[in-house]
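What follows is calculated from the coordinates using simple rules that are stated; it is not laboratory data. These numbers come from a predicted model, not from an experiment.
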Amino acid sequence: MIKKTAVLIICLIFTVSNVHAKLCNQKFDFSDYSATNAAIRSAILPGWGQGWNEQEKKGWILFGIFMASACTAFYFNNEAEKSYRLYSEIGAPAGSEYDNYKRNFDTARILGTVAVLTWIYAVVDAYFVAKKEEKKYVSNKINFAVYNNDGFKLEYKTKFSI
């Protein structure tokens, strides 16, 4: 169940981003500092967006919580499946194997919820922190283009806010 949910979430994220890019005809430049870039980074790997926002400790903590809860959720889900198989083979209406199954299944569900909520928090936090910092960020761009040997264009752009 958790595996299917994780795969569904990942597919949904990539589908939504592809549809959005095609509808808006936009190309994402991941080298520019923006709230969208920070959120996408955290959607790919929780904590990466916080690192992009220069919050390394927060990023490592979120990554650690996500990985620990996701890995232990998968472990307890597998243990629940083993216990359920044993319970089914024995056929006892109420036994210790069913109790083990129920305990492992509930633990897996709780840890899976923690992993998903940590992931969502990482994306939202990365976006809003970057949105605040985006106003302070100064960027310079130099573009150079040659037009069919007829000439060239040199462009210098600066963004800043006061």
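Laid out as a table, the results:
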item	result
³J(HN,Hα) computed for each position of the range 116-132 - Karplus, 6.51 cos²θ - 1.76 cosθ + 1.60, integer Hz, glycine/proline x	5, 5, 5, 4, 4, 4, 4, 5, 5, 4, 4, 5, 6, 5, 5, 4, 5
Entries of K82/K102; K58/K132; K3/K131 with Cα pairs more than 21 Å apart	K3/K131
